[in-house]
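Following: one structure in structure tokens, then a few remarks.
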Amino acid sequence: MAEYIVEPKSRQDIRDLTLMLRKFLGLENEKYFPITELLDVLAEIFDNFSYEIVENNELPFGTHADTNTLTGHIRIRESVYEGACNGNGRDRMTIAHEIGHYFTICFCGFKLERNFTNKKIKAYRDPEWQAKCFAGELLVPAHLMKGCSVGEIIEECGVSYDAAKIQYKKINSERSDAS
Ligand SMILES: [Zn+2]
């Protein structure tokens, strides 16, 4: 059960947001997004953003990174950060996911309210769904990768097979709603 619910945002809304960010950075034509560099750029631009590389045992077991949405502080396991620097797709996605939390909640202020009633919430109102969606859309830009194969997406965008397959389906299907 998700503890918080957020304003409904469709995949298209989030795709627009990632494209806006790419344009702002002058990266709209880059297939391979420099995700670790983005951490430094964000820290420079935004007063309410910071990140920290922590020892592998500083985060709870199984947690690769986390984001404090009140302070805009991201903590990343050392091994994940190094993996991302070396082009590991899963690690790159982990960092993009945390930045997704920052953008959808801290920066865009997608409305966040506590899910007091514990009701089951629709996927697109789940902050985890939004962060996941943001990460996929940021690393695999729809406008550049439409029509490319899963293999090309893995190679050129630096993402895992699983992530490439998901984005491939989203990009090449007609529907771009909250699914
Ligand atoms: Zn998350």
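The values are calculated or read from the model by the stated rules, or taken from the named source; none is laboratory data. Bear in mind that the values here come from a model prediction, so they are computed numbers and not experimental data. The protein model used for the area step is the full one, side chains on, heavy atoms only, and it has no ligands, DNA or RNA in it. Shrake-Rupley method; radii C 1.70, N 1.55, O 1.52, S 1.80 Å.
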Surface accessible to a 1.4 Å probe, per residue, for the residues of the stretch 4-172, Å²: 52
Please report, largest first and rounded to whole Å, the three semi-axes of the ellipsoid equivalent to the stretch 64-104, where each semi-axis is the square root of five times an eigenvalue of the C-alpha gyration tensor. 19, 10, 6
Given 23/169; 31/170; 9/31; 132/170, which pairs have Cα atoms separated by over 20 Å? 23/169; 9/31
What percentages, rounded to whole numbers, describe P(r) for the stretch 4-172 computed over all alpha carbon pairs with 10 Å bin width beginning at zero? 10, 39, 38, 13, 1
